[in-house]
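Remarks on the structure that follows.
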Amino acid sequence: MQEGQAEILLDRYRGRLIESAGRGAPLVFDITELERFDIEVADFAIEHPDEFLQMMNRAVNGYDFPIEVDGQIRVRIRNARDVRRIGSLRSTDVGRLITVEGIVRSASVVYTSLTEVYLVCRRCQTGMYAPAGQVKRNDGLLCVQCERSGPFKIDRERSKKDDSRFVVLQEFPEGLRAGNLPRSILVILSGDLVENIGAGNRVRITGVLKLMEGPKSKASETIDYDHYIEAVYVEQIERDFEDLVITDDDVEQIKRLSQEPDLIEKIRRSIAPSIYGLDDIKLAIALQLASAPETVYADGTTSRGDIHVLLVGDPGVAKSQLLRYVAQIAPRAVFTSGKGVTVAGLTAAAVKDETGDGKWTIEAGALPLADKGVCCIDELDKMNERDREALHEGLEQQIIAIAKAGITATLRCRCAVLAAANPKYGRFDPNETVAAQINLPPTLLSRFDLIFVIHDRPDQARDGELVEHILNGDAAAPAIEPDLLRKYIAYVRQSVNPVLTDDAKAVLKKCFLDVRGMCASANHPVPITARQLQALMRLSKAVARLRMSKTVSEGDARLAANLLMKCLGEVGIDPESGMLDVGTVDVGMPKTAADRTIKLQRIIADLAKRSPDRLASHTDVIAEAERAGIDIYKAENLLRKMVSMGSVMEVRAGKYRPV
Ligand SMILES: [Zn+2]
């Protein structure tokens, strides 16, 4: 490409150039457009992008504009012919223009870097500009005046500066074969490109593949470099399912499937067919995969449509297998463990990145990486403190906010969470409430729409069926092929947004009031909360979505209500009253235990008030408690617990004072 061709090209882009200059926006060359203009020019831009950009920059900034233009106009290129996989980049690509897609795993803060350094010769005081790379490497710099190799001092004020930022781009998790780790690459951004990109974003980046300064290992016989990309264009990807192509034939098949009478049952049986039983959980997973559309209220506030499901169970009940299965079948999914595989864990972290000279970066965890998909979290109970705190907001508002070392960032995580956890002591104790045995804060539990408890109880009839299931290999054949099921889910998520009918509303209302009634009769004043009503709405919309129906029918609502009732029943039964008690999930203590605590507290306060030393004695407390109908053994236990929690003070041995 000759120098004159740059001017010819610009004349062709004149309209756009003037418009860009007026807005202070960059001038963007699209390779597919350039190909139509001149295939050789397009080839040149791909083979020698740095030279192409230099030529175009010179031409643009020397252009005779009919309007006043202040500042420099940046030239950008986008869409190098094919989108490459990050793992496929090779040494032959170095120096060429490439386009890659991926998810931003981490993004650094914006910093200032010197692009052209103003050097002053210490011998003759002459100043000159030199490219930053050359100064950094210190290769062959000679003073323009005295022609000696310095020493030089850097004048930062007069040096040319630019905003810079680096991100680590990682391959999409859904494009990977099982067991493969996603590959990632460092991308350097400068100028206007530093804006509008953050951890968790899905982006398409066009840039020049380069080699990192300085060899990475001294051990080998060769000099090895890492690749990085110098970005020339960044765009956000709006499509929902990148690698899922749904053809017209597929759509026909999907529509045919949606008409089948026993559709929901078929879908349920296609979820993890090799795992025996767990029918309610499989139904819940089917609903979760479809989820409901986000609700936008008149005042602009929104309510999530994603359905969160928690499985708490004895070891060996196939929780992990279920999670792995869902991670494979969901059109977009991330599988992780609460124990944390990365620094960012489940949410996000601000860390000093070694690859970027120790600059602060925001690293996206599993939830932001699963944005618009499903996040499968095994061993949720093992998560760290930071995740425990940030997860509430992540589940409900679907954002992760981070503020550390003067940097703030908000990452979106519009995903459905399927999590598994073990009981606190490894195995369920039937004499305690389930809620008390889940090693997670009650406020966090209340963010899950459905909580399933899986007991590994010996049951001869069930065991017999289980053996049959395992021995009978063809039982594992799914009712719907996994490939079709993925497409079906992707399709309904994109195209079906059901609304509630009056009949459906009536069913949900009745279910809500029934549960309230059941709890009221057992003297539970505020048992079921608005959270469960929202869960009911989401679940019934998901049923309608799976049926590919624009409206939620009475039957859909009934199916959702039954499922929620079963869950509430399993988690929320107070072992003492035998009654449904949603309070166990919401506040972490069954109502009867809470009642006893209050009673005992009053007793201690009364006794202390009446005694001369303002202290209640152990014997009196227990005697009063027994009179008030509290079992002695329980009163003893409770008193110990209150002392250890600090709600009662043991001033001397056997002498208590209320706090
Ligand atoms: Zn000099």
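Points worth noting:
- Residues of segment 14-35 classified as farther than 25 Å from Thr99 by Cβ and surrounded by 15 or more Cβ atoms within 10 Å (Cβ to Cβ), total: 2
- As a summary of the residue check, Ile470 satisfies the conditions (1) surrounded by 13 or more Cβ atoms within 10 Å (Cβ to Cβ); (2) aliphatic (A, V, I, L, M); (3) modelled with pLDDT under 65 except for the one numbered (1).
- Taken together, Ile622, Ile604 contain a single residue that is buried (at least 21 other Cβ atoms within 10 Å of the Cβ) and either at pLDDT 80 or above or charged (D, E, K, R) (or both), which is Ile604.
- Candidate set: segment 36-75, residues that are exposed (fewer than 13 other Cβ atoms within 10 Å of the Cβ) and among the hydrophobic types (A, V, I, L, M, F, W, C); chosen: the one nearest to Glu230 (Cα to Cα): Ile39
- The residue list Asp306, Asp248, Asp299 contains one member that is assigned by TED's automatic domain parsing to the domain that holds Arg531 and surrounded by fewer than 19 Cβ atoms within 10 Å (Cβ to Cβ), which is Asp299.
The rows are residues; the columns are (1) out of contact with any Pro (no Cβ under 9 Å at 6 or more places or on another chain); (2) among the small types (Gly, Ala, Ser); (3) without any contact (Cβ under 8 Å) to a residue 60 or more places away in the chain; (4) not in a strand (DSSP E or B).
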| site | (1), (2), (3), (4) |
| --- | --- |
| Leu10 | yes, no, yes, yes |
| Leu17 | yes, no, yes, yes |
| Ser20 | no, yes, yes, yes |
| Phe29 | yes, no, yes, no |
| Glu40 | yes, no, yes, yes |
| Asp50 | yes, no, no, yes |
| Gln54 | yes, no, yes, yes |
| Asn57 | yes, no, yes, yes |
| Pro66 | yes, no, yes, yes |
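- Of the strands (runs of 3 or more DSSP E) lying entirely inside segment 84-190, those carrying at least 2 residues that are within 16 Å of the ligand (Cβ to nearest atom) are 111-121, 127-131, 152-170.
The values are calculated or read from the model by the stated rules, or taken from the named source; none is laboratory data. This structure is a prediction, so every number in the text was calculated from the model and none was measured. Here the Cβ is made from the backbone with ideal geometry for all residues, glycine too, and neighbour counts use every protein chain on show.
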